Structures are given as structure tokens and as C-alpha cells.
Amino acid sequence: MRLESVVPWGRSLDEYRAMFALSPDDLHKRILGCGDGPASFNAELTELGGSVVSVDPVYQFSREEIRSRVEEVRPSLLESVRENREAFVWNVIPNVEFLENLRMTAMNRFLADFEEGCDEGRYRSEGIPELVFRAQEFELALVSHFLFLYSENLDEEFHFNGLMELLRVAREVRVFPLLELSGRRSPHLEPVLKRLRSEGVTARIQTVDYEFQKGGDEMLVLTRCPDQGA
């Protein structure tokens, strides 16, 4: 990975709660965050006593390198949102200025936690489709704004193999959203679901209480029998 290819855009614990319909019991589970990037989810949940490990290739870079990249891409990201306002739902997030503050607050909290989190093994520079964790090491894996969102760059095989690997290391996998960047449902979703079900995976699509990208209010929930995940 090259730093100039990274587009950091972090989300908060409250957003994770809504995107993944996380219950109080869920927050006490052993959680793996896949593709978390500069989200403050790990920092906030750790502060509350939770158990979470985040994996993302961007963690190979230093805190200052990530901070510099955040500042570099922020103006263009916000301008893109302004130019495409009709593609978003402006209720909980009422305007672009609110969005900027929300994202920067989350990313600054991540940056403040990053070095300590790396030392504690909470941030690891790796990712699917190959993870170093033991089978069923986690109770819950969360994939935020990675799989399906970048379907133009990541093919069906990558999605299938990545989800099977997450099911190896976690009892349950939740993925949000199920749309591409364009706002259309990912063309990989149905073929991947068919293949997963043929492997004995239970898959369902659940509506959640979060929608910023129009139509992006659904998550994928996957489970399989423990003996199949070994």
C-alpha cells in the first residue's frame, strides 16, 4: 500500500452502534474491526472497557503520516460531498460543516490513541483475505465501508474469500453498507451470498437505524456453525 492511495475518513463509536445495530451485549464481545482506518471506535470502546482489535493496512504508517494524509484529502472529500449533496440524507448529519466536525473529531481521537493502541496490539497492519488470528478468536467481526463499497476495485473472489476468512476467525460477521460508492447495490452481493450459503453460511440482510448515503441503511449478517469455522 502507498500512502497516497489512502483516503482516511473515520467514524465514531455512536456511528458504529447505529451502522451495525450493536446492542449493549454486543459491546462486551471480543470484536474484530476490519478496515477500521482512522475510526475512533477502537479508542472509545477500549476506554469503556471493551475488547477490540482493528486491522487495516494503513496502520503500517506512522501517526504523523496518517495525520498528514487526513489533512491532505479533507478539502477534496468535503468538496465532493458538497457537489453530490443529493446523494446523502441530511437529517442526523444536517450539513457539510457538521459532517466535517464529526469526522475530524473521530479521526483526532483515533490519532491520539494510535501509538498506544499499536503497542497494545489493538491496531494491526493486516487485512483480509488472510488474517493471523486463531479460528473463532473473536465473537464478532465488523466491516465498515470497505467490502461491497469498493466493488469496482475488489472483485467477487476477493469478497468471497475475505468473508470466509472473517467467518474463520469470528462467530458472526456484520458488513455495512451494501452499496457501491455510486449508490447502487453492489453487483457482487447476490453471487457472494449464493456461494456463502452453499458453504453452510447463514446470511441475512438487516435494515439498520443509520442512513447517510441514500439507500445505505442495510447490513449483511453472517454466521456459521463453530465446527465449520475451524
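Assorted remarks:
- Some residue of segment 197-204 being under 25 Å from Leu45 (Cβ atoms), modelled with pLDDT of 95 or more, out of contact with any Gly (no Cβ under 8 Å at 6 or more places or on another chain) and not aromatic (Phe, Trp, Tyr): yes
- Long-range neighbours under 9 Å by Cβ, at least six apart or interchain, first residue in a loop (DSSP other than H, G, I, E, B) within segment 197-214, second among the hydroxyl-bearing types (Ser, Thr, Tyr) and modelled with pLDDT of 95 or more: Val201/Thr223
- Candidates Leu99, Leu111 - the one that is touching a residue at least 40 places away in the same chain (Cβ under 8 Å) and either touching a strand residue (DSSP E or B) at 6+ places or on another chain (Cβ under 9 Å) or not acidic (Asp, Glu) (or both): Leu111
- First in segment 114-131 and outside any helix (DSSP H, G or I), second anywhere and of a type in the set (Gly, Ala, Ser), Cβ under 7 Å, 6 or more apart: Arg122/Ser54; Tyr123/Ser54; Tyr123/Gly117; Gly127/Gly35; Ile128/Gly162; Pro129/Gly162
- Residue in segment 187-194 that is closer than 23 Å to Asp36 by Cβ and not in a helix (DSSP H, G or I) present: yes
- Flag for Ser198 being out of contact with any Phe, Trp or Tyr (no Cβ under 7 Å at 6 or more places or on another chain) and of a type in the set (Ser, Thr, Tyr): yes
- Lone qualifier among Phe88, Phe148, Phe98, Phe138 - being hydrophobic (A, V, I, L, M, F, W, C) and open to solvent by 70 Å² or more (accessible area, probe 1.4 Å): Phe98
- Every residue from segment 7-34 that is crowded, with 20+ Cβ neighbours inside 10 Å and at pLDDT below 95: Pro8, Gly10
- Checking each residue in segment 141-183 for being in contact with a helix residue (DSSP H, G or I) (Cβ under 6 Å, 6 or more places away or on another chain) and part of a strand (DSSP E or B) picks out Ala141, Val173, Phe176.
- Note on segment 6-46: residues that are within 21 Å of Phe133 (Cα to Cα) and polar (S, T, N, Q) amount to 2.
The values are calculated or read from the model by the stated rules, or taken from the named source; none is laboratory data. All of these numbers come straight from a predicted model, not from anything done at the bench. When we count neighbours, we look across all protein chains shown, and the Cβ atoms used for this are built from the backbone with ideal geometry, even at glycine. These accessible areas exclude ligands, DNA and RNA; they are computed on the full protein's heavy atoms, side chains included. Shrake-Rupley method; radii C 1.70, N 1.55, O 1.52, S 1.80 Å.
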